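Accompanying notes for the structure given below.
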Amino acid sequence: MENKIVFRILFVFFAIFLSRCKQFDPPAPYGPVPGVEQLEWQKMEYYMFVHFGPNTFTGVEWGSGKEDPAVFNPTALDCRQWAQTAKNAGMQGIIITAKHHDGFCLWPSRYSTHSVRYSPWLSGQGDVLAELSAACREYGLKFGVYLSPWDRNNPAYGTPEYNQLFVNTLAEVLASYGPVFEQWFDGACGDLVSSPYDWNLFNSTVLEYQPNAVIFSDVGPGCRWVGNERGFAGETNWSTLDTAGFTPGRNAPPVGILNSGQRGAPCWIPAEADVSLRPGWFYSPGTDNALKSVEELMDIYFASVGRNANLLLNVSPDRRGLIPEGDSLRLMEFRQRRDEVFSRNLARGARVIASSVRNEDSRKFCPENVTDSEYDTYWTLEEGKTTASLIIDLDREENFSVLMLQEYIPLGQRIARFIVEYWHLGEKQWRLLAGGTTIGYKRLLRFPAVTSDKIRISILEADAPPLINTIGIF
Ligand code: FUL
């Protein structure tokens, strides 16, 4: 009898305990979600592309592969200067063209006679990848490699043997220069290929040697081309894509799809926007006065990082092997402008009022999570609810012209339409400020400056309960 009472009491306590725990349950993931390495990659946001090789010295964009390796002879190559420039520019890593379409290897490859070993640079003893990977480590930057499958020098190119040769080359690089955060596969090919590339073999080789690398191509699997070389992601940009039946290059999905991703698609393949500071990818004296302006770079930033894509900005070391002074200056001006815009987040610590909250009494999903500057805390709603609004109360009048929204993507991308309003102090009513479709990892909105003490964000359409982890007002 006594036992029964004890059992009942225990049962009641257990039930109460379970119901309290439930209050802390996070929402279930929706659709595909990023892998750990894809999330780390997304948080990098902005990093450097470096195009360097024989083309630097010959002034062409696509080398024929027949160039004499003797043309490669930088007089003062210094990868530490590249790394220092990237660091000061606010970038998180560097991806180098280890082998471009001309087949020239920037390291002394065992598998090619078209490499630094056959050049006069450091009497054939140099290794650009060794220098750059060491410089990246020194400056706390991540290191990535571009290797073009299209090879205009390799005699085996176009034969079935080439796939294995390319894999050997790939393995050589990936095994030798420390952690690689991104493997960049270019789909471009100007010559006819009679023997198809073995993409499955290429990808599995990358992951065998660098399991944490994010693989870039037209169809991922780690991240995808944004569909243009202007640095512009779509205003609508889903990190999901359906790659069935597609391969990189000629058989890639249409560029419009790459630009905007696909809502409800089965694979998590976020966009990366690649664009060059100069009109071409490689250095040419003719482009010294044609660098993108700070305004153009800001437009690119808002259209890439500000539209749920990472920005891969290319710089072109010159014939000395240095990033030219003008290019480096422009990168610093660009950084300064971003610092000016983003230095003070007016929303930090602000009071937030939500129309609805998940498990209200637990406070785990409370609206203030969006202004606490922690990545892993977020505001969300009860299961089944997909629309809601948030008011950020600044408690004083402020002047602002940029809004930042971040969706908590570790549980999937959900939001499909939203608007932003501000409280018009004179008229005492809400006025429309901006609106959009997707948010994703980060969405930045620019508008003519307004003065107000409150803004309201309304989620009008989402595929599952929306999760917002950060809001910034600048
Ligand atoms: C393209 C290449 O053909 C260009 O030369 C450059 O490397 C660019 C980043 O990708 O597909």
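The values are calculated or read from the model by the stated rules, or taken from the named source; none is laboratory data. Since the structure is predicted, the reported quantities are computational estimates derived from the model, not experimental observations. Please note: Cβ atoms are built from the backbone with ideal geometry, for glycine as well, and neighbour counts cover all protein chains shown. Quick note on the areas: whole protein, heavy atoms, side chains included, nothing else; ligands and nucleic acids left out. Shrake-Rupley method; radii C 1.70, N 1.55, O 1.52, S 1.80 Å.
Computed about its Cα centre, the charge dipole of segment 36-342 is approximately 160 debye, with only Lys, Arg, Asp and Glu carrying charge at their Cβ. Distance between the pseudo-spin-label points of residue 361 and residue 138 (7 Å out from Cα toward the beta carbon): 6.0 nm.
The amide H of residue 417, built 1.01 Å from its N in the peptide plane, has 460, 461 as neighbours under 5 Å, considering only residues 5 or more places off or on other chains.
Per atom type, the chain shows carbon and sulfur on 53% of its accessible surface, probed at 1.4 Å.
In this rough spin-label picture, where each label sits 7 Å from Cα along the Cβ direction, the residue 66-residue 229 distance is 2.3 nm. Here the label points at residue 288 and residue 393, each 7 Å from Cα along the C-beta direction, are separated by 6.0 nm in the simple model. Under 5 Å from the amide H of residue 115 lie the amide H atoms of 105, each residue being 5 or more positions distant or on a separate chain, with H modelled from the backbone and absent for Pro and chain starts. Distance from the Cα centroid of segment 152-171 to that of segment 352-408 is 53 Å (rounded to whole angstrom). Per-residue packing, averaged as other Cβ atoms within 10 Å, sorts the ranges 330-343, 41-54, 256-269 into the order 41-54, 256-269, 330-343, beginning with the highest. So if the hydrodynamic radius of the chain is defined as the Kirkwood radius over C-alpha pairs, what does Stokes-Einstein give as its diffusion coefficient at 4 °C and 1.567 mPa s, in µm² per second? The calculation lands on 54 µm²/s.
Near residue 276, the amide H atoms lying under 5 Å from its own belong to 314; only residues 5 or more places off or on other chains count, and H is placed 1.01 Å from N. Per residue, the solvent-accessible area of segment 36-342 (1.4 Å probe, heavy atoms of protein chains only, all protein chains present) comes to 37 Å². Shown is the FRET efficiency for residue 191 and residue 419, computed with R0 = 56 Å from the Cβ-Cβ distance and rounded to the nearest 0.05: 0.65.
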